[in-house]
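Working notes, beginning with the structure itself.
The values are calculated or read from the model by the stated rules, or taken from the named source; none is laboratory data. Since the structure is predicted, the reported quantities are computational estimates derived from the model, not experimental observations. Here the Cβ is made from the backbone with ideal geometry for all residues, glycine too, and neighbour counts use every protein chain on show. Please note that ligands, DNA and RNA were not included when accessible areas were found on the heavy atoms of the full protein model with its side chains. Shrake-Rupley method; radii C 1.70, N 1.55, O 1.52, S 1.80 Å.
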Amino acid sequence: MTAKNEKTVIIIAGIIIGIIASLLVLFGNPANMGFCIACFLRDTTGALGLHRAAAVQYIRPEIIGIVLGSFIVSLITKEYSPRGGSSPMTRFILGFFVMIGCLMFLGCPFRMIIRLGSGDLNALLGFVGFALGILTGVFFLSKGYSLKRTYKLPTAEGTVLPVIEAVLLILLVLAPEFIFFTEAGGGPGAKHAAIIISLAAGLIVGILAQRTRLCMVGGIRDIVLFKEFKLISGFIAIFVSCLICNLILTAVTEGTFFKLGFAEQPIAHNDGLWNALGMYLTGFGCVLLGGCPLRQLVLSGEGNTDSAVTIIGLMVGAAFAHNFGLASSGAGPTPAGQIAVIIGIIVAAVIGCVNTFRTE
């Protein structure tokens, strides 16, 4: 495939994903949250009882679909390759603090684009912080940052997370008593599309993201390092298609899918400094990890156990954030959350320095 054709495929994939994100809100997902990797991992963490924030507890089929979609298509294309062993504990810690940054902003990079496509201007400040965080990470990359090589692993190792996701799907359908679900009207966890719709959406996004290597962090990183706009064109397409779809839905339904401004945006706050700092930590940490949360899910489906460890770190971060009052709310950030973000930035900087300037 030529570079031009590859870029065209990425743009088409972005258009499809943007439309899916908008339609998921129409089908029942929370407003401005048709797709959010951080929020959906948080909800799933709550459903498993790892945090007890009753408003955000639901096993999200979209996450299951992304991992299984990536897993299935990588098997078909013979790209499934179990591997790992590249500083797993460091990746766990970075995943933990990336989630802290996401929950300060109230969204992952994917949701940041969706919020922009829904008219939420607070996401602009988040984007500024996100880009600066990526630039900080790129500085370390340019100086030789590396978490060292990965190693080939037995096939069974790479199937662990896909199998776990399949088990979660069974638990979602059976809804046993030990799984927690937000009661109707009780918060974002109670708002979701039908399981089959959400699962299908996740499968499509997982397949498209696996084939195109979509990654918001990688897109900005490639612009800085290589003057390559291929990956970022996919996220521009997501924004444009999401924006157009939201405008159409607002015009033809009674819902408000697009609302331009800073104030009274759904599941968001308008503290610009901490929106920016939360996404700064997210961008910085994701560069050090080698990809955004969406990319980590896709890689885990391909058999990458380092990415699977990162996902576990994200989920533990979500549990800590809600158990210890670190997550923001519509009222704004908490003091404990602000301290956690600053600690996270310091930890990311230390990890960057240790893995860049250490003596071999």
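If you find the alpha carbon centre of segment 206-229 and of segment 1-57, how far apart are they in angstrom? About 17 Å separates the Cα centre of segment 206-229 from the one of segment 1-57. Within the accessible area of segment 81-122, the carbon and sulfur atoms contribute 74%, probe 1.4 Å, all protein chains present.
For segment 5-149, what class follows from the C-alpha gyration tensor (a ≥ b ≥ c being the square roots of its eigenvalues): rounded when a/c is under 1.5, otherwise prolate if a/b is larger than b/c, else oblate? In terms of gyration-tensor shape, rounded.
Largest first, the extents of the alpha carbon coordinates of segment 280-360 on the three principal axes equal 43, 33, 18 Å. Loop-located GluC sites (Glu not before Pro) in segment 139-246 (DSSP state other than H, G, I, E, B) with a sparse environment of at most 10 neighbouring Cβ atoms within 10 Å: Glu177.
If you take the alpha carbon radius of gyration of the chain and divide it by 2.2 N^0.38 Å, what ratio comes out, to two decimals?
0.91
Which net charge results for the neighbourhood of Asn270, defined as the other residues with beta-carbon distances under 11 angstrom from its beta-carbon, given Lys and Arg at +1 and Asp and Glu at -1? Each step should come with its number before you reach the end.
Details: positive: none; negative: Asp120, Glu264, Asp271.
Computed value for this residue: -3.
Dipole size of segment 1-159 about its Cα centre, with +1 on Lys/Arg Cβ and -1 on Asp/Glu Cβ: approximately 460 debye, rounded to the nearest 20.
Tell me, in nm to one decimal, what length is gained between Thr256 and Thr150 on full extension, where the rule is 0.36 nm per residue of separation less the Cα-Cα distance? Don't skip to the end; give the middle numbers.
Details: separation 106, 0.36 × 106 = 38.16 nm, distance 4.66 nm.
Full extension of this stretch gives 33.5 nm more.
Note on the chain: dipole from Cβ charges, positive end direction compared against Ala55, Thr253, Ile207; the farthest Cα belongs to Ile207. In whole percents, the pair-distance distribution calculated for segment 57-121 from its alpha-carbon pairs, binned every 10 Å from zero, is 16, 28, 41, 14, 1. What a 1.4 Å probe finds exposed on segment 162-280 is 70% carbon and sulfur by accessible area, rounded to a whole percent. Amide hydrogen proximity for Tyr80: with H placed 1.01 Å from N in the peptide plane, the residues at 5 or more positions away or on another chain lying under 5 Å are Leu75. Along segment 312-317 the Karplus relation, 6.51 cos²θ - 1.76 cosθ + 1.60 evaluated at θ = phi - 60°, assigns HN-Hα couplings of 4, x, 4, 5, 5, x Hz to successive residues, with x for each Gly and Pro. Taking a ≥ b ≥ c as the square roots of the eigenvalues of the Cα gyration tensor, an a/c ratio of 1.5 or more together with a/b no larger than b/c marks segment 78-235 as oblate.
Measuring r between the beta carbons of Arg52 and Val9 and using R0 = 56 Å, the FRET efficiency lands at 0.80.
Remark on segment 214-304: hydrodynamic radius 15.6 angstrom, per the Kirkwood mean of 1/r across alpha carbon pairs. Here the Karplus relation 6.51 cos²θ - 1.76 cosθ + 1.60, evaluated at θ = phi - 60°, turns the backbone of segment 282-290 into coupling constants of 4, x, 4, x, 5, 5, 5, 7, x Hz, with x for every Gly and Pro.
Quick one: accessible area per residue over the chain, 1.4 Å probe, rounded to a whole number of Å²?
On the way: 14380 Å² over 360 residues.
For the chain, the solvent-accessible area averages 40 Å² per residue.
Running Debye on segment 108-189 with equal point scatterers at the Cα sites and no solvent, what base-10 log of I(q)/I(0) appears at q = 0.15, 0.16, 0.24 Å⁻¹? Reported log10 I(q)/I(0), two decimals: -0.99, -1.00, -1.04.
Using the structure shown, select from Lys143/Lys230; Lys191/Lys259; Lys4/Lys78; Lys7/Lys78; Lys7/Lys191; Lys152/Lys227 the pairs with a Cα to Cα distance greater than 30 angstrom.
Going by Cα-Cα distance, Lys7/Lys191; Lys152/Lys227 fall outside the 30 Å limit.
Take Tyr145: with every protein chain present and a 1.4 Å probe, its accessible area is about 20 Å².
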